[in-house]
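Worksheet for the structure shown next.
All of the numbers you see were taken from the coordinates with simple rules; none came from a lab. Just so you know, these numbers come straight off a predicted model, no measurement behind them. Quick reminder, even Gly has a Cβ in these numbers, built from the backbone with ideal geometry, and neighbours come from all protein chains shown.
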Amino acid sequence: MTDTPPPAFDFDEIIERRGTHSLKWDMMERLYGLSPAGALPMWVADMDFRAAPPIRRALADYLETGVYGYYGDDSDLLAALDWWQSTRHGWQGIPGEAVFHVGGLVNGTAIAIEAFTEPGDGVLLFTPVYHAFARVIRAAGRKVVEVPMQLENGRYVMDMAGAEEAAAREKLAMVILCSPHNPGGRVWTKDELSAVAEFATRHDLLLLSDEIHDDLVFSPHRHIPTALAAPEAEARLVTMISATKSFNIAGGHVGHVIITDPGLRERFARKVTALGISPGAFGMIAATAAWSPEGAAWIDALMAYLEGNRQLFDAGVNAIPGVRSMPLEATYLAWVDFSGTGMSQAEIVERVEKRARIATNHGPQFGAGGEGFMRFNLAMPRARIEEAVHRLEEAFSDLQ
Ligand SMILES: Cc1ncc(COP(=O)(O)O)c(C=O)c1O
């Protein structure tokens, strides 16, 4: 009898996160009124999986030093970032001086808004889109200009004619591109990225490309960095990347802003200095260890596992009459359209949260076009996905 070798990475393992200061688990009761004793948290985008071995080793070694002073010398991180972007995404030769380290990509977005726009300026978003963009834009006294995406063969496309109308109507200064897109999971093609870059150029807008989901792409789709798809837009392009989403180290609160144009760089640098921003050691050490060959093997295994979760979840919810999960090309965030049930948003929420006891992000949070949708985080052990599907079937069983 031969022993089956243990799996290289055990994504099935149930890890107790309650009582660990987990936003997803330990704030669920306060935010949703759902007890973590029995409810399933499928909202905020982090994963219930253990981080990749090289990250855990690097952090353990650092912890072992017992000294946690200021972080300095980012040369290892810059080399890892350059290696990762060139081997995984084909973006070669990112100069070290083009990279800023910030406290995460919401922080990077906020700095970019301060650096490149004025109070009252419009910032264009293709909605529905990651909700923190609108929150940050509004809090900075800028105007959110929503251009709802259109559905083509069941997947989102950016409405470039709608963007033109918005540009004619509003005083725009910036467009924020979410690439790959959250929610809906589109991986934009080179032509789609070029069209947005061309639009930004024509209207002299800053183009902020948030590529935090760049590694979370399902085969056969391929993420193309905007810097490669539209090199002609370099003078207006600011790209944001991070290891935190792909590698489940969001608590490290670090992200990287890449600006190859020296003029834009100077404006961004001034704001970084004005706000006194510098990176935390734990996030920088974790990110450096993540962007490695071992990290790459972990991501490949993760995506294979997530593919199984996605198939299981989609098959289950798509069998409920009037419910449809958008086919994801990227991200682990299922975007589910309940509008075919004819129910109001309030009734959908009531059934998903109170009957199924699942915490999700509500569609309207993501802006125009989100009505009737709920977003479910699928990055959890498969047994929990099975449980979620079972609970949703029950909660909508009268429709069968
Ligand atoms: C598109 C996008 N940008 C940024 C973030 C959050 O970034 P951070 O945790 O680095 O602030 C998320 C989190 O889900 C996201 O989906």
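Points worth noting:
- Charge dipole of the stretch 67-291 about the Cα centre (unit charges at C-beta), most positive-ward option of 69, 94, 84: 69
- For the chain, the dipole from Cβ point charges (+1 on Lys and Arg, -1 on Asp and Glu) about the Cα centre works out to 780 debye, to the nearest 20.
- Between the alpha-carbon centres of the stretch 177-199 and the stretch 214-251 there is a gap of 10 Å.
- Neighbour net charge for residue 170 - beta-carbon separation under 14 angstrom, K R +1, D E -1: -2
- Computed from the alpha carbon positions, the gyration tensor of the stretch 328-400 leads to an equivalent ellipsoid with semi-axes of 18, 17, 10 Å, biggest first.
- Report note on the peptides 383-393, 169-179: ranked by the mean count of other C-beta atoms within 10 Å, highest first, their order is 169-179, 383-393.
- Only lysine pairs 8 or more places apart or on separate chains count here, and in the chain those with Cα atoms under 25 Å apart total 7.
- Rounded Å value of the spacing that divides the Cα centres of the stretch 89-141 and the stretch 259-310: 14
- The orientation-averaged projection of the convex hull spanning the C-alpha atoms of the stretch 67-291 amounts to 12.0 square nanometres.
- Across the stretch 328-345, coupling constants 3J(HN,Hα) worked out from phi with the 6.51/-1.76/1.60 Karplus curve, θ = phi - 60°, read 7, 9, 7, 6, 9, 10, 5, 10, 10, 9, 9, 5, x, 7, x, 7, 6, 4 Hz, and Gly and Pro carry x.
- The stretch 346-400 versus the stretch 152-176: alpha-carbon centroid distance in Å: 29
- Along the stretch 64-75 the Karplus relation, 6.51 cos²θ - 1.76 cosθ + 1.60 evaluated at θ = phi - 60°, assigns HN-Hα couplings of 4, 5, x, 10, 10, x, 4, 7, x, 6, 8, 4 Hz to successive residues, with x for each Gly and Pro.
- Stokes-Einstein diffusion of the stretch 84-154 at 10 °C, 1.306 mPa s viscosity, Kirkwood radius from Cα pairs, rounded to a whole number: 110 µm²/s.
- Relative compactness, the chain, computed as alpha-carbon Rg over 2.2 N^0.38 Å: 0.98
- Contact order, relative form, for the stretch 67-291: 26 percent (alpha carbon pairs under 8 Å, 6 or more residues apart, mean separation divided by residue count).
- More than 22 Å apart - percent of Cα-Cα pairs taken over the stretch 1-128: 66
- Simple spin-label estimate for residue 18 and residue 346 gives 3.1 nm between the two label positions (7 Å along the Cα-to-Cβ direction from each Cα).
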